[in-house]
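What follows is a short report on a single structure.
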Amino acid sequence: MKETLYNLIQSQGEGAVTFGDVAINLIAALLIGALIYTAYRATHSGTIYSERFNISLVMVTLVTAMVMCVIGNNISLSLGMVGALSIVRFRTAIKDPRDTIYIFWAVAVGICCGVSDYLIALLGSVIIFLFLVLFGFVRNTDRTLIIIRGGANALAESEKVVNLVLNNKAVRRVHNLDFGVNGESIYETSSAFLKKCEKKSGSLEGKLSEIEGLQSISIVCQDDEISG
């Protein structure tokens, strides 16, 4: 049994890839990595887009393909490589959940190209690319916060106005009073719903500004562009 395993490990080290094979694998990884680069650029915009991260996706594809070319079918070398890579810890902040998908995509393409499975890498990448182009522009509904500061009586009156304009569908998230004198109320809704209601009932900000005793009115729209 020991001799069989030894012979198996020895035989797997004999099928080393040639220079031509490595070059073809890396070129294929670079070409499909360019497709990943294009998909990421097309589906991200504004401050959420990072050119350095996009270039890193192509580099991840090439590095993974290079590692797979080194490993090949060698079991002993693959175990050593896994042990070496296990000490690497990544702490890159991910701004968008989609970025994780792109990282896995780049790694998968690198693995496929490293073992010369170009058909799987190309076909899978085309399907993923088309899916991301079709649905990559889908955004979450913007969250709009209505922040009102003023006296206690003014806040009570403002609550009636907010419920009237927004048909009692705004959620009050925060309500603070400073010893019953001054305070703050924060209501949550969506920007689309706010615009829809304002077309029917008039400007919410305008109606709130008519209330005596209010100190400030802030309307903040939060979306994917605001991230740490």
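Identify the GluC sites (Glu not before Pro) of the stretch 145-228 meeting these criteria: DSSP loop state and at most 11 other C-beta atoms within 10 Å of the C-beta.
Glu210, Glu212
Going 7 Å from the Cα of Gln215 in the Cα-to-Cβ direction, what parts of the stretch 141-162 have a backbone nitrogen less than 13 Å from that spot?
148-155
Just rank Val109, Val174, Val67, Val162, fewest to most, by other beta-carbon atoms within 10 angstrom.
Least to most surrounded, the residues fall as Val174, Val67, Val162, Val109.
Working out 0.36 nm times the residue gap between Ser50 and Glu205, then minus their Cα-Cα distance, what length gain in nm do you get to one decimal?
On the way: separation 155, 0.36 × 155 = 55.80 nm, distance 3.56 nm.
Taking 0.36 nm per residue and subtracting the Cα distance, the gain is 52.2 nm.
For a quick check of your reading of the filter: which trypsin sites (Lys or Arg not before Pro) in the stretch 174-207 sit in a DSSP loop and have no more than 12 other Cβ atoms within 10 Å?
On the way: sites: Lys195, Lys196, Lys199, Lys200, Lys207; in loops: none.
Counting only loop positions with at most 12 other Cβ atoms within 10 Å, none of the trypsin sites (Lys or Arg not before Pro) in the stretch 174-207 qualifies.
Given a Förster radius of 25 Å and the C-beta distance between Ala42 and Ser116 as r, what FRET efficiency does 1/(1 + (r/R0)^6) yield to the nearest 0.05?
In this case the efficiency is close to 0.30.
At 37 °C and 0.692 mPa s, what whole-number value in µm²/s does Stokes-Einstein give for the translational diffusion of the stretch 143-222, with Rh from the Kirkwood sum over Cα pairs?
D, rounded to a whole number, is 265 µm²/s.
For the stretch 98-205, what is Rg from Cα atoms divided by 2.2 N^0.38 Å, rounded to two decimals?
The value comes to 1.87.
Read the figures in this text as sums done on the coordinates, not as results from a lab. Everything numeric here is computed off the predicted structure, so don't read it as measured data. A quick note on method: Cβ atoms are made from the backbone with ideal geometry, for glycine too, and the neighbour counts reach across all protein chains shown.
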